[in-house]
Number of protein chains: 2
Amino acid sequence: MKKPRTWTAETIAIGSELLLGGRLDTNSLFIADQLAACGIELRYKTTVGDGLTDIMAALKAAVRRSRVVMITGGLGPTVDDMTREAVARATGRRLARRKAALDEMVARLAEWGRTPNKSQFRQAMIPAGADVLSNPVGTAPGFVLSWKGAFLAALPGVPREMEPMVRDGVLPRLQEWLHHQKAVGVTPMVRRVLHTTGVPESVVDQTLTGLIPKGSPIQLGIYASPMEIMVSLTGPAAIQPQGTVSIDALCAEARDRLYDILYGEADDTMESVVGRLLGEQKLTLAVAESCTGGLIGHRLTQVAGSSAYLDRVAVTYSNRAKIEMLGVPKHMIARHGAVSAEVAAAMARGVRERSGASIGLSVTGIAGPGGATDKKPVGLVYVGLDGGPNDTLTKEFRFHGGDRSIIKLRSSQAALDLLRRWLLKRGRG
Amino acid sequence: MKKPRTWTAETIAIGSELLLGGRLDTNSLFIADQLAACGIELRYKTTVGDGLTDIMAALKAAVRRSRVVMITGGLGPTVDDMTREAVARATGRRLARRKAALDEMVARLAEWGRTPNKSQFRQAMIPAGADVLSNPVGTAPGFVLSWKGAFLAALPGVPREMEPMVRDGVLPRLQEWLHHQKAVGVTPMVRRVLHTTGVPESVVDQTLTGLIPKGSPIQLGIYASPMEIMVSLTGPAAIQPQGTVSIDALCAEARDRLYDILYGEADDTMESVVGRLLGEQKLTLAVAESCTGGLIGHRLTQVAGSSAYLDRVAVTYSNRAKIEMLGVPKHMIARHGAVSAEVAAAMARGVRERSGASIGLSVTGIAGPGGATDKKPVGLVYVGLDGGPNDTLTKEFRFHGGDRSIIKLRSSQAALDLLRRWLLKRGRG
């Protein structure tokens with residue numbers, strides 16, 4: 001007996017280089033959110049190389065288990081770009097050159113002062129019966145078609161070409177297709193994301209125990225990564241029958257329970273949250289880093305407009321640099337060591353005073369693998385904050401079980417979170 | 001008719017958070033290389049959420065097309081960790097607590113001064129007949145089993161737990177299994193990776209045209225990413241029949257052709273290569289960053305032992321910081337602008353002189369989206385290097401078509417590459 005497929009989706013990312021990893025996948029989050037708004041849940045992601053038979057096998061496996069299949073990549077002009085041919089062969093269609101697709105490509109290239117070369121003509125070859133999707137950003141058109149009761153979309157792999165094509169080309173056609181298919185039980189879904197930091201996953205888990213009422217369609221997810229514990233609530237977008245609690249009400253309750261370990265929502269990052277608070281309070285920041293090596297500065301400057309509040313960062317990797325750039329007393333380093341609460345405080349004070357910024361933030365610690373002693377193990381980190389005379393605080397952290405890279409990440413997060421809490425307290429009072 | 005499966009592999013990454021992306025996958029590259037050494041090519045990567053039936057469906061699809069299936073993730077202690085149960089149900093085995101697995105977990109926790117909690121006991125539940133793999137780094141044991149002519153391995157998702165388990169636990173068992181299966185046509189393969197930077201993909205492509213002789217089993221791959229063009233050569237590890245060229249000979253030829261755009265091989269990163277050169281020449285470095293915001297310092301300090309050659313980094317985001325921390329003349333900024341070759345040179349000189357380091361390296365540019373003028377567009381970046389009196393150089397870059405984050409990455413790479421080339425030239429004498 002054939003198992004009925006549910007109204008779920010699968011992405012197929014095409015490209016041999018993707019099999020080798022080392023690349024950040026940002027496409028699937030975008031596709032997942034867009035499909036959720038149509039009531040379609042993303043359940044599988046497949047990655048496959050450029051081999052024709054491998055792609056065909058992936059397509060066939062996908063339509064067996066998913067009603068919506070979103071293919072990304074393999075639409076370029078080179079012989080390695082096999083998506084068009086794989087879809088045509090798998091679905092038993094022939095490839096034909098489409099005039100509309102060709103004209104649009106020629107027009108786009110003309111805008112850039114170029115004419116299509118021979119291999120670019122390949123991009124206008126589309127499986128018969130497919131609906132062509134125009135590409136307002138690049139040269140490769142996409143397409144959608146219906147096959148064996150599944151909706152197939154072929155899209156460019158580059159996010160800035162794929163995203164508008166999904167919004168403007170795929171979603172209206174998917175909505176129409178769902179309507180034609182008389183898709184039942186398809187409920188538009190939304191996802192809310194809350195970001196927490198500073199406590200382990202088990203604490204977040206306990207804090208949210210019993211949040212979701214029994215029988216509620218809303219799902220709670222808790223995901224740990226080196227810098228944070230992320231909480232997601234996924235559920236129907238529309239107001240549910242009487243007696244059920246809405247996703248917004250549950251989200252508000254989650255916010256209350258998480259309280260100060262909650263640092264942001266949705267696309268917020270710690271650096272964007274801190275930047276917003278600094279901007280609101282019209283304060284400027286100077287940073288003194290040791291073991292994080294520039295990571296805090298790097299993160300803060302990922303935010304557009306950060307030059308408004310970030311004055312400078314001193315990465316004082318050597319003791320000499322700590323003394324010269326920040327005025328940390330030599331005898332203090334000799335007495336307490338460079339990794340100490342005293343030095344963290346002196347670094348924060350020094351960078352604030354020398355820069356004239358409102359706040360000085362500092363980190364000193366042992367990222368490993370070398371540099372540890374019996375009393376000062378790898379993962380021992382001090383964070384300091386100086387907001388003016390008699391307003392200095394330091395905090396000790398002991399990070400276990402991570403390599404150099406993870407200790408750097410966690411140290412930078414701890415420092416920025418200390419600053420966030422200080423700014424929140426200052427803003428309230 | 002059932003299609004015969006080839007000796008290829010598939011990875012299944014388990015975790016709902018992975019479906020949402022936003023995370024760098026480093027596991028598949030490692031697994032691909034390890035399997036290639038056994039003659040097994042990685043052909044598919046599947047990602048699936050924590051749902052029991054979804055994982056079971058993914059397992060079944062995988063064994064239909066691949067003889068080797070490597071599952072990562074879902075071995076933790078929480079109720080979301082479904083790998084053990086999914087494998088047991090899919091393969092029709094029961095889960096049983098294994099004493100050896102339990103003892104090892106208790107011992108590991110004891111080392112950390114902890115005792116197992118109730119949920120951690122779940123981790124010792126292993127499908128009947130499976131071979132338990134010990135975890136010398138974490139608490140979750142892995143396991144391997146043979147099912148329907150396929151070799152299945154279940155591994156932790158965390159790289160530093162997964163990697164030793166593959167090397168010490170999986171590979172010997174896989175070799176033995178392949179021997180028992182009388183695997184024919186399985187040729188151990190090797191992959192050589194060369195890293196290039198500073199030129200577009202098309203230049204690397206042209207440079208390597210005709211490298212691989214006709215009929216050779218060796219495959220050439222060229223993969224572009226923001227900071228580099230990566231070249232890979234994949235082919236049989238053993239010496240081939242007379243008349244064919246070995247992978248090592250082709251690799252040597254590729255090195256010659258790529259010459260100075262080749263910056264590293266295999267696991268090399270630009271920062272590790274630069275660090276090695278600095279160490280060999282016993283030189284120290286000080287860095288002055290503007291638009292990169294600390295990224296160069298962050299990258300340099302990702303390398304263990306970098307404190308031996310990195311003295312300090314000054315992230316001078318404001319003009320005042322450039323003047324105070326580096327001694328850049330105020331009138332120079334007024335006349336040429338902070339983003340200019342003159343200021344880049346003054347920053348490099350200033351940070352070298354004030355630190356006493358052998359070399360000063362600097363970057364100033366416009367990362368965008370704001371800050372551009374008609375004459376100075378987003379993506380305009382100047383890199384400076386100062387190696388002592390009368391030894392200053394600067395270079396202008398114009399990076400097109402990338403956001404703030406990509407311009408920062410490319411600027412940091414350009415600065416480190418300038419330093420690499422300077423060090424190479426100096427080393428040659």
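Does B:G305 qualify as being over 14 Å from B:T364 (Cα atoms), out of contact with any strand residue (DSSP E or B) (no Cβ under 6 Å at 6 or more places or on another chain) and not aliphatic (A, V, I, L, M)?
Yes: the conditions hold for B:G305.
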Okay, strands (runs of 3 or more DSSP E) sitting entirely in region A:1-117 with 2 or more residues that are surrounded by fewer than 16 Cβ atoms within 10 Å (Cβ to Cβ) and either in contact with an Asp or Glu (Cβ under 7 Å, 6 or more places away or on another chain) or modelled with pLDDT of 85 or more (or both), I get A:95-97
Regarding region B:199-213, can at least one residue be identified that is under 23 Å from the mean Cα position of the chain (by Cα), assigned to a helix (DSSP H, G or I) and buried (at least 20 other Cβ atoms within 10 Å of the Cβ)?
yes
Note on A:M270: of the conditions (1) closer than 23 Å to B:V313 by Cβ; (2) out of contact with any Cys (no Cβ under 9 Å at 6 or more places or on another chain); (3) within 14 Å of another protein chain (Cβ to nearest Cβ); (4) not aromatic (F, W, Y), unmet is (3)
Looking at region B:353-373, is at least one residue in the same structural domain as B:Q413 (by TED's automatic domain parsing), free of Cβ contacts under 8 Å to residues at least 12 places away in the same chain and more than 34 Å from the chain's Cα centre (by Cα)? yes
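With the condition kept exactly as written, say whether any residue in region A:315-322 is surrounded by fewer than 19 Cβ atoms within 10 Å (Cβ to Cβ) and not in a helix (DSSP H, G or I).
No, there is no match, as no residue in region A:315-322 is surrounded by fewer than 19 Cβ atoms within 10 Å (Cβ to Cβ) and not in a helix (DSSP H, G or I).
Kindly indicate whether A:D386 is touching a Lys or Arg at 6+ places or on another chain (Cβ under 7 Å), in the same structural domain as A:I333 (by TED's automatic domain parsing) and acidic (D, E).
Details: touching a Lys or Arg at 6+ places or on another chain (Cβ under 7 Å): yes; in the same structural domain as A:I333 (by TED's automatic domain parsing): yes; acidic (D, E): yes.
So A:D386 fits the description; yes.
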Within region A:282-289, identify whether any single residue is in contact with a Phe, Trp or Tyr (Cβ under 7 Å, 6 or more places away or on another chain), of a type in the set (V, I, T) and over 30 Å from A:P369 (Cβ atoms), and answer yes or no.
yes
Out of curiosity, is B:R276 touching a residue at least 40 places away in the same chain (Cβ under 8 Å) and of a type in the set (K, R)?
no
Counting only residues that are within 7 Å of chain A (Cβ to nearest Cβ), under 27 Å from the mean Cα position of the chain (by Cα) and without any contact (Cβ under 8 Å) to a residue 40 or more places away in the chain, region B:301-327 contains a total of 8
Residues of region A:186-198 being in contact with a helix residue (DSSP H, G or I) (Cβ under 9 Å, 6 or more places away or on another chain), part of a strand (DSSP E or B) and under 21 Å from A:M270 (Cβ atoms), in sequence order, are A:R191, A:R192, A:L194, A:H195, A:T196
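The values are calculated or read from the model by the stated rules, or taken from the named source; none is laboratory data. None of the values given here were measured: they were computed from a predicted structure. Cβ coordinates were reconstructed from backbone atoms using ideal geometry, including for glycine residues, and neighbour counts include every protein chain displayed.
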